[in-house]
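K.L.:
Please see the structure below; I have some questions.
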Amino acid sequence: MRAGLLWVCTGSINRGCDELPQGAEKTHIIVFANEKGGTGKSTTAVHVAIALAAKGARVACLDLDHRQRTMGRYLDNRAETMRRTGRDLVIPRHKTGDGKTAENFEGLFAELSEGADFLVIDTPGRDDPFARMAAVRANTLVTPMNDSFVDFDLIGQVHPETFKVTRPSFYSELIWETRKARAKEDGSTIDWVVLRNRLQHIEARNMRRVSEALDQLAKRVGFRVIPGLGERVIYRELFPAGLTMLDSRDFGEMGLAHVAARQELREMMAALALPEPAALTLVA
Ligand SMILES: Nc1ncnc2c1ncn2[C@@H]1O[C@H](COP(=O)(O)OP(=O)(O)OP(=O)(O)O)[C@@H](O)[C@H]1O
Ligand SMILES: [Mg+2]
């Protein structure tokens, strides 16, 4: 897979193997990436960023999807809700990349890493050079996917009758090579986490099959599989006000479904197993 290594280590904008910018060593970089569109990267990224900030961590966000700007707009909407209602909400510092130059990416990466415990990076649902640059710097690389063999196809192929994994797909190979390059560069590992988004509450045969295929592939390719957010209409309705399930006090009475949603968010955060930020450890 030399092409994979070249992908990471050479080319004018693929400077992932250069010395990492100041600040990056202390900052835990969480990158949400999946070249498949619409798998829940932005929704999950915002929830993770707000959950960390609500715990008192210093969080910054970088949106690399300069066309959709879902993460940026989500956080802008949050700021607007604060202005409109006078509520005191935590809002991470955030910027959007221009998607044009490596200098822009490097500048924002350094600026946002500075003084942050966590930098949460959202990437577009397509092949993107800046998403690659972000991936090679990740400490935690989160790939959300839905319980569907259409989504699974990016990371692995299965036999049409037995649903057994036949081989990893190009995206797994890409991440594999990225991790190898990172290990060679500074000896560190990238914790690759496949996050199952939009989990259904009823046990379906398809869900079990995808789950089994994921477990097989996880061993082969070396990622962890964790549960993400459930399939809930509320996740689609929070965007205009920039709220998350953690702010449920701010959108009125909490029904049972909201309590369950907050619980699944807590479980997702625990499963991500992110480090305790230094500032919080000092206080504790
Ligand atoms: N857990 C969930 N329950 C219900 N709807 C969800 C959930 N997660 C995401 N969605 C919805 O699925 C759609 C895609 O989500 P999102 O924009 O977060 O994905 P994405 O991976 O960032 O997409 P893109 O690749 O286009 O950037 C949105 O309409 C979002 O509201
Ligand atoms: Mg998105």
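The values are calculated or read from the model by the stated rules, or taken from the named source; none is laboratory data. Everything numeric here is computed off the predicted structure, so don't read it as measured data. With ideal geometry, Cβ positions are generated from the backbone for all residues, glycine too; neighbour counts draw on all protein chains shown. All accessible areas refer to the heavy atoms of the entire protein, side chains included, with ligands and DNA or RNA removed. Shrake-Rupley method; radii C 1.70, N 1.55, O 1.52, S 1.80 Å.
K.L.:
Name the residue that is modelled with the highest pLDDT, counting only residues in the range 8-50 that are part of a loop (DSSP other than H, G, I, E, B), more than 8 Å from ligand 1 (Cβ to nearest atom) and small (Gly, Ala, Ser). Break it down stepwise before answering.
P.N.:
Taking the range 8-50 and keeping what is part of a loop (DSSP other than H, G, I, E, B), we get 10-27, 33-40.
Going one step further and asking which of them are more than 8 Å from ligand 1 (Cβ to nearest atom), we end up with 10-27, 33, 35.
Adding the requirement that they be small (Gly, Ala, Ser) leaves 11-12, 16, 23-24, 33.
Details: 11: 30, 12: 29, 16: 37, 23: 43, 24: 50, 33: 97.
Looking at the filtered set, the residue picked out is 33.
K.L.:
Return yes when residue 167 is more than 19 Å from residue 29 (Cβ to Cβ) and not hydroxyl-bearing (Ser, Thr, Tyr) and no when it is not.
P.N.:
Yes: the conditions hold for residue 167.
K.L.:
Determine, yes or no, whether residue 166 is over 24 Å from residue 273 (Cα atoms) and either open to solvent by less than 10 Å² (accessible area, probe 1.4 Å) or out of contact with any helix residue (DSSP H, G or I) (no Cβ under 9 Å at 6 or more places or on another chain) (or both).
P.N.:
Spelling it out, residue 166 is indeed over 24 Å from residue 273 (Cα atoms) and either open to solvent by less than 10 Å² (accessible area, probe 1.4 Å) or out of contact with any helix residue (DSSP H, G or I) (no Cβ under 9 Å at 6 or more places or on another chain) (or both).
K.L.:
Another one. Out of all the residues in the range 190-197, is one or more open to solvent by 70 Å² or more (accessible area, probe 1.4 Å) and either of a type outside the set (Val, Ile, Thr) or in contact (Cβ under 8 Å) with a residue 40 or more places away in the chain (or both)?
P.N.:
For the range 190-197, residues open to solvent by 70 Å² or more (accessible area, probe 1.4 Å) and either of a type outside the set (Val, Ile, Thr) or in contact (Cβ under 8 Å) with a residue 40 or more places away in the chain (or both): absent.
K.L.:
Quick one: count up the residues across the range 45-80 that are open to solvent by 10 Å² or more (accessible area, probe 1.4 Å), within 13 Å of ligand 2 (Cβ to nearest atom) and over 14 Å from the mean Cα position of the chain (by Cα).
P.N.:
5
K.L.:
Take residues that are within 16 Å of ligand 1 (Cβ to nearest atom) and of a type outside the set (D, E, K, R) and tell me which of the helices (runs of 4 or more DSSP H) falling wholly in the range 63-142 contain 3 or more. Can you show your working first?
P.N.:
Values: elements: 70-85, 102-113, 129-137.
So the answer is 70-85, 129-137.
K.L.:
Among residues belonging to the range 81-119 that are open to solvent by less than 20 Å² (accessible area, probe 1.4 Å) and of a type in the set (S, T, N, Q), point out the one that is nearest to residue 43 (Cα to Cα).
P.N.:
My answer is 81.
K.L.:
Taking residue 150 as the residue in question, decide whether it is surrounded by 19 or more Cβ atoms within 10 Å (Cβ to Cβ) and under 16 Å from residue 39 (Cα atoms).
P.N.:
no
K.L.:
For residue 126, all conditions in the list (1) closer than 20 Å to residue 49 by Cβ; (2) within 16 Å of ligand 2 (Cβ to nearest atom); (3) surrounded by fewer than 22 Cβ atoms within 10 Å (Cβ to Cβ) hold save one; what is the number of the exception?
P.N.:
Result: residue 126 fails condition (1) only.
K.L.:
Quick one: residue 236 ticks every box in (1) open to solvent by 40 Å² or more (accessible area, probe 1.4 Å); (2) of a type outside the set (Phe, Trp, Tyr); (3) modelled with pLDDT under 85 bar one, so which box is it?
P.N.:
Every condition holds for residue 236 apart from (3).
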